[in-house]
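The values are calculated or read from the model by the stated rules, or taken from the named source; none is laboratory data. None of the values given here were measured: they were computed from a predicted structure. Neighbour counts run over all protein chains shown; Cβ positions are idealised from the backbone, glycine included. Heavy atoms of the whole protein, side chains included, go into the accessibility calculation; ligands, DNA and RNA do not. Shrake-Rupley method; radii C 1.70, N 1.55, O 1.52, S 1.80 Å.
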Amino acid sequence: MHDFRLWPRIYPATGHEGYVPLTFVFTGKTVAQRESRMRRLEQAIRCYFAGTLYAGGGITTVDYNQSVPVVVTELERITADRDGAAGKVWRRLGRDEWQTLIEALDNPDGDRLYVVQAEQARRRQKEREAAAREAKRPMCGRCGAKFTDERWRSIRHYPAQQHRELCDPCLTEHREQVQAEQAARRQAEEAAAREAAEAEARKGRGLFGRRG
């Protein structure tokens with residue numbers, strides 16, 4: 001339905017979210033009278049100009065896409081300002097400060113801020129997820145070092161593998177130690193076998209010598 005609204009065909013795009021703005025110029029005998037009228041207007045149409053907060057943790061942005069920007073001023077304020085209507089003589093309903101018309105129609109707490117805060121929220125979420133993941137990262141049972149990603153994936157993919165408690169360097173050291181012990185054991189067994197064979201040979205030679 002947005003394409004069939006009349007105002008986009010008449011007014012140029014403002015670059016701001018929301019509908020075309022409305023302006024009210026008040027006049028009256030006293031400042032109190034004018035202020036009272038502006039406050040009554042503000043209370044009566046709040047549901048039309050007030051934005052809604054975007055949902056999300058840590059996001060304070062206001063969604064103005066379905067709201068009507070309403071700015072008010074006083075004729076006496078315009079005539080008293082040296083810059084006239086170009087001065088800080090406008091107040092957007094929902095705000096307390098007097099601003100220039102451009103400032104009053106801007107939404108610094110709108111979509112632009114949402115982009116920034118949403119990115120910050122995503123970054124914080126990633127940091128929380130990374131911290132939670134790091135808290136679960138295994139530590140080596142021998143040296144106490146944390147597992148690398150590769151080692152962590154290895155023990156997850158091969159749950160039956162031995163020495164799951166060791167990191168890669170300690171696992172390599174353990175394997176080298178086992179290999180060294182096995183080699184030493186084989187050498188000892190081979191040496192013992194040789195000694196036994198030599199002893200048997202000497203025994204045989206001595207026996208034949210006595211018989212002669």
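Where in the stretch 65-106 does the label zone of ARG46 land, with the point 7 angstrom along Cα→C-beta and an amide N cut-off under 14 Å? Answer for the stretch 65-106: 93-96. The dipole here belongs to the stretch 114-212: it is taken about the Cα centre, uses +1 on the Cβ of Lys and Arg and -1 on the Cβ of Asp and Glu, and is about 180 debye.
Taking a ≥ b ≥ c as the square roots of the eigenvalues of the alpha-carbon gyration tensor, the chain is classed prolate because a/c is 1.5 or more and a/b outweighs b/c. Lysine pair count for the chain (Cα-Cα distance under 22 Å; residues 8 or more apart in sequence or on different chains): 4.
Just in the stretch 136-189: which GluC sites (Glu not before Pro) are loop by DSSP and have at most 15 other Cβ atoms within 10 Å? Write out the running numbers ahead of the final one.
On the way: sites: GLU150, GLU165, GLU173, GLU176, GLU181, GLU189; in loops: GLU165.
Passing sites in the stretch 136-189 are GLU165.
Gain on full extension, evaluated as 0.36 nm per residue between ALA118 and ARG194 minus their Cα-Cα distance, stands at 19.6 nm.
The stretch 44-83 and the stretch 104-157 have Cα centres lying 37 Å from one another.
Under the convention that each Lys and Arg Cβ holds +1 and each Asp and Glu Cβ holds -1, the size of the dipole of the chain around its Cα centre is about 960 debye. What the Cβ-Cβ distance of GLU127 and THR100 gives, at R0 = 30 Å and to the nearest 0.05, is a FRET efficiency of 0.15. Against the chain, whose longest principal axis is taken from its Cα atoms, helix 111-136 shows a tilt of about 20°.
Could you give the accessible area per residue of the chain, probe 1.4 Å, as a whole number in Å²? Mind showing how you got there, number by number?
Details: 15130 Å² over 212 residues.
Solvent-accessible surface per residue comes out at 71 Å².
Full extension of the chain between GLU35 and THR172 gives 41.2 nm of extra length, using 0.36 nm per residue less the Cα-Cα distance. Remark on GLU74: its backbone amide H falls under 5 Å from those of PHE26, a criterion applied only to residues 5 or more positions apart or on other chains, H modelled at 1.01 Å from N.
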